[in-house]
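What follows is a set of notes on a single structure, which appears directly below.
The values are calculated or read from the model by the stated rules, or taken from the named source; none is laboratory data. The shown structure was predicted, so the numbers you read here are calculated from the model rather than taken from an experiment. Every residue, glycine among them, receives a Cβ derived from its backbone with ideal geometry; neighbour counts consider all protein chains shown.
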């Protein structure tokens, strides 16, 4: 069944794209949860309007995102993690920990999906991540993993 996604869904597709999924998944989960619409001719025509509205909202938010990027410029985020004697941390640093640290240290509330970390972070040290705030605003932020 072809559907139009209304939200970004992991392993399915991005917002406002037409994808094919199994009938049961669409009818029993995606459509009742208001995550998708059936891709019939009426909804396909509405898709262009939805995209235009979304772009208008995002255009208004670009200024806010640029302001956030300038606040973060040149700053270093510190993330605490339990580590062994060799500097190897137990587990790894995740997007959730980064978002919590951003909120705590800088007072910024960013979705975890917008945080792009390098490969698995399993050692104490300095790293760099990208914040995908908007397609035109993607600041890089240095962060340090320190031992607690």
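Only one residue in 79, 110, 89 is in the same structural domain as residue 130 (by TED's automatic domain parsing) and closer than 17 Å to residue 139 by Cα. Which one?
Values: 79 fails: closer than 17 Å to residue 139 by Cα; 89 fails: closer than 17 Å to residue 139 by Cα.
Matching residue, one of 79, 110, 89: 110.
Which ones in region 135-148 are within 22 Å of residue 58 (Cα to Cα) and surrounded by fewer than 17 Cβ atoms within 10 Å (Cβ to Cβ)?
Across region 135-148, the qualifying residues are 135, 136, 138, 140.
Among what's in region 120-134 and is more than 12 Å from the chain's Cα centre (by Cα) and exposed (fewer than 15 other Cβ atoms within 10 Å of the Cβ), pick the residue that is farthest from residue 91 (Cα to Cα). Quick ask: steps written out before the conclusion?
Let us first name the residues in region 120-134 that are more than 12 Å from the chain's Cα centre (by Cα), namely 120-129.
From the residues that got through so far, the ones that are exposed (fewer than 15 other Cβ atoms within 10 Å of the Cβ) too are 120, 125-126, 128.
Values: 120: 10, 125: 15, 126: 17, 128: 19 Å.
Ranking the qualifying residues of region 120-134, first place goes to 128.
Please enumerate the residues belonging to region 134-148 that are in contact with a strand residue (DSSP E or B) (Cβ under 7 Å, 6 or more places away or on another chain), part of a loop (DSSP other than H, G, I, E, B) and within 13 Å of residue 116 (Cα to Cα).
Taking region 134-148 as the starting set, the residues that turn out to be in contact with a strand residue (DSSP E or B) (Cβ under 7 Å, 6 or more places away or on another chain) are 138-148.
Those left that are additionally part of a loop (DSSP other than H, G, I, E, B): 138-139, 148.
Hits for region 134-148 are 138, 139.
May I ask you to list the residues in region 31-42 that are over 16 Å from residue 9 (Cα atoms) and surrounded by 16 or more Cβ atoms within 10 Å (Cβ to Cβ)? Show your work before the answer.
Just the residues of region 31-42 that are over 16 Å from residue 9 (Cα atoms), to begin with: 39-42.
Residue satisfying the conditions is 39 alone.
Would a scan of region 93-101 turn up a residue that is more than 18 Å from the chain's Cα centre (by Cα), assigned by TED's automatic domain parsing to the domain that holds residue 132 and not in a loop (DSSP other than H, G, I, E, B)?
From region 93-101, those more than 18 Å from the chain's Cα centre (by Cα) are none; that's our starting set.
Within region 93-101, not a single residue is more than 18 Å from the chain's Cα centre (by Cα), assigned by TED's automatic domain parsing to the domain that holds residue 132 and not in a loop (DSSP other than H, G, I, E, B).
Which residue, of 63, 74, is more than 30 Å from residue 24 (Cβ to Cβ) and either in a strand (DSSP E or B) or over 19 Å from the mean Cα position of the chain (by Cα) (or both)? Step through it out loud before you land on a result.
Working: 63 fails: either in a strand (DSSP E or B) or over 19 Å from the mean Cα position of the chain (by Cα) (or both).
Of 63, 74, the one residue that is more than 30 Å from residue 24 (Cβ to Cβ) and either in a strand (DSSP E or B) or over 19 Å from the mean Cα position of the chain (by Cα) (or both) is 74.
Is it the case that region 79-86 has a residue that's in contact with a helix residue (DSSP H, G or I) (Cβ under 7 Å, 6 or more places away or on another chain), surrounded by 12 or more Cβ atoms within 10 Å (Cβ to Cβ) and more than 24 Å from residue 58 (Cβ to Cβ)?
Filtering region 79-86 down to residues in contact with a helix residue (DSSP H, G or I) (Cβ under 7 Å, 6 or more places away or on another chain) leaves 79.
After this cut, where a residue has to be surrounded by 12 or more Cβ atoms within 10 Å (Cβ to Cβ) as well, the list is 79.
Within this subset, residues satisfying the condition of being more than 24 Å from residue 58 (Cβ to Cβ) are 79.
Scanning region 79-86, I find at least one residue that is in contact with a helix residue (DSSP H, G or I) (Cβ under 7 Å, 6 or more places away or on another chain), surrounded by 12 or more Cβ atoms within 10 Å (Cβ to Cβ) and more than 24 Å from residue 58 (Cβ to Cβ), so the answer is yes.
For the condition closer than 27 Å to residue 17 by Cβ, touching a helix residue (DSSP H, G or I) at 6+ places or on another chain (Cβ under 8 Å) and surrounded by 14 or more Cβ atoms within 10 Å (Cβ to Cβ), what is the one hit in 117, 72? I'd like the intermediate steps shown before the answer.
Numbers: 72 fails: closer than 27 Å to residue 17 by Cβ.
Being closer than 27 Å to residue 17 by Cβ, touching a helix residue (DSSP H, G or I) at 6+ places or on another chain (Cβ under 8 Å) and surrounded by 14 or more Cβ atoms within 10 Å (Cβ to Cβ) holds for just one of 117, 72, which is 117.
So which residues in region 87-97 are closer than 18 Å to residue 10 by Cβ and surrounded by 14 or more Cβ atoms within 10 Å (Cβ to Cβ)?
94, 95
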